[in-house]
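Asks: Would you mind keeping the following structure in view while I ask a few things?
The values are calculated or read from the model by the stated rules, or taken from the named source; none is laboratory data. No experiment lies behind these values; they were computed from the predicted model shown. Cβ sites come from the backbone with ideal geometry, for glycine too, and all protein chains shown count toward neighbours.
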Amino acid sequence: MTVSAPAVRTPAGAALRRFRKHPAAVVSVVFIALVVLAAIFARPLSGHDPNAIDLLSARSGPSGGHLLGTDSTGRDVLSRLLFAGRISLGVGIASAAIAVVIGTVLGSIAGLLGGWVDGLVMRLADVFMSFPSLVVIVVVAGILGPSVLTMVIAIGLFQWPVCGRIVRGVTLSLREQEFVLASRATGAGPLWLMRKHIIPAALPPVSVVATLAVAQAIALEATLSFLGLGVQPPAASWGNMLTDAQSLTVIRSEPWLWLSPGIAVALTVLAVNFIGDGLRDAVDPRSSS
Amino acid sequence: MTAEQIPGAAAASVPGAASAPGAAAASVPGAAPAAAQRVGEAPLLRIDGLSVDFHTDDGVVHAVTDVSLEVVAGEIVAIVGESGSGKTVTAMSVLRLLPKAAEVSADAIAFRGTDLRTLSGSELRKVRGGPVGMIFQDPMTALNPVMTIGAQVAEAVVLHQARSDKKAAWQRAVELLRLVGVPDPAERVKQYPHEFSGGMRQRAMIAMAIANDPDLIIADEPTTALDVTIQAQVLALLKKAQAETGAATILITHDLGIVAELADRVVVMYAGRVVETAGVGELFATPRHPYTKGLLASLPRMDVDVDQLDPIPGNPPNMADPPAGCAFHPRCPLARDKCLTDRPPLLAIGAGRTSACHFSEELA
């Protein structure tokens, strides 16, 4: 028998083929990969210390020495942009990860156990979703003091309900499947079912919401840092780099200060969203465009 | 246990049957040869007075009422009945696999002397797939479409390993698939269910059920979803698996052909109750309940020439609102006034035989 020739169609392989049909998503993957690499190799790429003050060359436009110019204290903008990428991507991924873990665990528990547990978890999700997250995060940052960690946890906490609801839905539909019954009949407990049957089945839709959560978190981080409630100077983030653009003079005469972080945020969020769209089509065999 | 019940042989009995009129003829000392050798042996599985109710929007459905049955080591007991007669619910209640909406009550559901209802969740999980294996009806839906066959067979092994050893479990999965006749098992373990034919999938299901050398296999309509040509192969395999593991088997089916092929003893169910139990030879030779007789008359046979097959008239009863008296009376050729009001108790009518018909003697 040579049934396992290259023609084997695994579910993952089929999803990859569908994803490749999405040009915007494929380009976005390349773009995000470049952003990630640039953030990782920020130091060698920029050739400057992001926090090195050089008052003599402050507020100079793009030049050979400083490709994207310098800010009001003479710090290299390119270097700050790349280091800020670390923080922005890190915050985005970490808070999305928190949201996905909480959402997956609570969602599958709610779906699997049902009853009052389900009710409790879902009401909790409603509470989180009905709160204006930005306001709450602002208040929390005000009480605990702004820090990257607080921000990551706060963003994650407010994003889990989306993931939780999806996982619960998948769990509810799987729970009635005969293969889950068959698995229980061979001795599987709730944890095993979650690990082997439910989470793998929930993974495709979860990967979509996780991606979108990353995009949202990056934007939210930029907002909070812009407002001075997120990443604190001198550490750079795309959000707090934009703070410089609060004055009209800067907007008019020193565009290199705000254009690059602004474009970085916009393109990154856009690309992550494109990837999310591509994933959505890739994991849903019925969607044919 | 009632007085006239022969240990290990009589399958079902209604509590208090001994005092019921007509029970005098019941107690027959000395059981049939097959049963005699098992006298004194504790049954592997004993279900006593099992009732299962489902609370639905249309009211309470008594899916199973007062069912008692025993399975001794190594024998094949067939539970026969139409759809909705409660045979699957009976089997599922053994491993407590019924949905939460089901209300189960019983005097005993004892496996090897332990009442399964008293077990904790983790103790119960050791029984499921361990000493009690289960084969499901539809191998198309009972396998996870996005898991490889090997992963699913290995799952049955890993779940019962003292120490998780995935490599050993995978090898055991290959070995099990070879045992159940899947060709080229080392390659085919890596395939997904959609790459397997129906018969091959059912073989994989059987491999999962026998993975941990069970003492009892519960096979719920194991061939119903298969092509007729494949059915024979799977039946032969079931027989082989049963012979090799020495496991007792509860075979749930509506197919009397399969019963004749495999079973030692038969429990006939109708409308959630046991209506007749007998050794397979006796049942086919002299059915003692009009329902069983009707089932046999609707079956084509090689050994008897008939011009026309007689189907049982009418439809199975609505279980939310079953007929009064004997549930079978609307379809019964023997039905008389008594049947409309009095439900016949299940009485012993001979060695290892019971029947729930007021007029079972007329059928003898």
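Yes or no, residue by residue, for (1) modelled with pLDDT under 85; (2) closer than 30 Å to A:V105 by Cα; (3) of a type in the set (F, W, Y); (4) out of contact with any helix residue (DSSP H, G or I) (no Cβ under 8 Å at 6 or more places or on another chain):
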site	(1), (2), (3), (4)
A:T186	no, yes, no, no
A:P190	no, yes, no, no
A:M194	no, yes, no, no
A:L224	no, yes, no, no
A:M241	no, no, no, no
A:P261	no, no, no, no
A:A264	no, no, no, no
A:P285	yes, yes, no, no
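Asks: Every residue in the range A:167-184 that is closer than 11 Å to A:S108 by Cβ and touching a helix residue (DSSP H, G or I) at 6+ places or on another chain (Cβ under 6 Å), please.
Replies: Across the range A:167-184, the qualifying residues are A:V167, A:R168, A:V170, A:T171, A:L172, A:L174.
Asks: Which of the residues belonging to the range B:334-364 are part of a loop (DSSP other than H, G, I, E, B) and at positive phi?
Replies: The initial filter retains those residues of the range B:334-364 that are part of a loop (DSSP other than H, G, I, E, B), namely B:334-336, B:342-346, B:351-352, B:356-359, B:364.
Scanning the range B:334-364 gives a single hit, B:G352.
Asks: Which of (1) under 18 Å from B:G129 (Cα atoms); (2) surrounded by 23 or more Cβ atoms within 10 Å (Cβ to Cβ); (3) at pLDDT below 90; (4) of a type outside the set (G, A, S) does B:T249 not meet, given it meets every other one?
Replies: (3)
Asks: Yes or no: the range B:313-328 includes at least one residue that is more than 25 Å from B:L45 (Cβ to Cβ), touching a strand residue (DSSP E or B) at 6+ places or on another chain (Cβ under 7 Å) and among the aromatic types (F, W, Y).
Replies: yes
Asks: Right, next: Residues that are over 18 Å from the mean Cα position of the chain (by Cα) and free of Cβ contacts under 8 Å to residues at least 12 places away in the same chain: does the range A:155-169 have at least one?
Replies: Taking every residue of the range A:155-169 in turn, none turns out to be over 18 Å from the mean Cα position of the chain (by Cα) and free of Cβ contacts under 8 Å to residues at least 12 places away in the same chain.
Asks: Taking the range A:63-107 as the search range and keeping residues that are closer than 20 Å to A:F41 by Cα and among the charged types (D, E, K, R), which one is surrounded by the fewest Cβ atoms within 10 Å (Cβ to Cβ)?
Replies: If we take residues in the range A:63-107 being closer than 20 Å to A:F41 by Cα and among the charged types (D, E, K, R), then A:R86 is surrounded by the fewest Cβ atoms within 10 Å (Cβ to Cβ).
Asks: Moving on. When you look at B:E276, is it part of a strand (DSSP E or B) and either under 21 Å from B:K293 (Cα atoms) or not small (G, A, S) (or both), yes or no?
Replies: Yes.
Asks: So, A:A185, is that one out of contact with any Asp or Glu (no Cβ under 8 Å at 6 or more places or on another chain), within 14 Å of another protein chain (Cβ to nearest Cβ) and buried (at least 19 other Cβ atoms within 10 Å of the Cβ) or not?
Replies: Judged against the criteria, A:A185 is a match.
Asks: I've got another one for you. Select from the range B:126-157 the residues that are facing chain A (nearest Cβ under 7 Å) and either surrounded by fewer than 21 Cβ atoms within 10 Å (Cβ to Cβ) or part of a loop (DSSP other than H, G, I, E, B) (or both) and list them in ascending order.
Replies: Listed by number, the residues that qualify are B:K126, B:G129, B:G130, B:F136, B:D138, B:T141, B:A142, B:L143, B:N144, B:V146.
Asks: What tally of residues in the range B:206-240 results from selecting those that are over 17 Å from the mean Cα position of the chain (by Cα), touching a residue at least 60 places away in the same chain (Cβ under 8 Å) and assigned to a helix (DSSP H, G or I)?
Replies: Looking only at that region, the number is 1.
Asks: Let me ask something additional. From the list B:T286, B:T277, which residue is hydroxyl-bearing (S, T, Y), within 25 Å of B:V77 (Cα to Cα) and crowded, with 23+ Cβ neighbours inside 10 Å?
Replies: That would be B:T277, the only listed residue that is hydroxyl-bearing (S, T, Y), within 25 Å of B:V77 (Cα to Cα) and crowded, with 23+ Cβ neighbours inside 10 Å.
Asks: Also, I was wondering about something else. From the list A:G85, A:G61, A:G90, A:G69, exactly one residue is on the phi > 0 side of the Ramachandran plot and more than 14 Å from chain B (Cβ to nearest Cβ). Which is it? Before you say what the answer is, go through the steps one by one.
Replies: Values: A:G85 fails: on the phi > 0 side of the Ramachandran plot; A:G61 fails: on the phi > 0 side of the Ramachandran plot; A:G90 fails: on the phi > 0 side of the Ramachandran plot.
On inspection, the qualifying residue turns out to be A:G69.
Asks: Moving on. Determine whether B:R178 is in a helix (DSSP H, G or I), more than 11 Å from chain A (Cβ to nearest Cβ), more than 25 Å from the chain's Cα centre (by Cα) and farther than 16 Å from A:K196 by Cβ.
Replies: Here the answer is yes, as B:R178 does meet what is asked.
Asks: Consider B:Y270 carefully, then state whether it is in contact with a helix residue (DSSP H, G or I) (Cβ under 7 Å, 6 or more places away or on another chain) and either surrounded by 13 or more Cβ atoms within 10 Å (Cβ to Cβ) or basic (K, R) (or both).
Replies: Yes; evaluated as a whole, the condition is true for this residue.
Asks: Can you confirm whether B:P344 is modelled with pLDDT under 90, buried (at least 18 other Cβ atoms within 10 Å of the Cβ) and within 14 Å of B:A271 (Cα to Cα)?
Replies: no
Asks: In this structure, is A:S79 touching a residue at least 60 places away in the same chain (Cβ under 8 Å), assigned to a helix (DSSP H, G or I) and out of contact with any Cys (no Cβ under 9 Å at 6 or more places or on another chain)? Outline the logic, then answer.
Replies: On the way: touching a residue at least 60 places away in the same chain (Cβ under 8 Å): no; assigned to a helix (DSSP H, G or I): yes; out of contact with any Cys (no Cβ under 9 Å at 6 or more places or on another chain): yes.
No: the conditions fail for A:S79.
Asks: Next up: Can you tell me which residue in the range B:90-125 is modelled with the highest pLDDT, limited to those that are within 8 Å of another protein chain (Cβ to nearest Cβ) and over 30 Å from B:Y270 (Cβ atoms)?
Replies: Looking at residues that are within 8 Å of another protein chain (Cβ to nearest Cβ) and over 30 Å from B:Y270 (Cβ atoms), I get B:R125.
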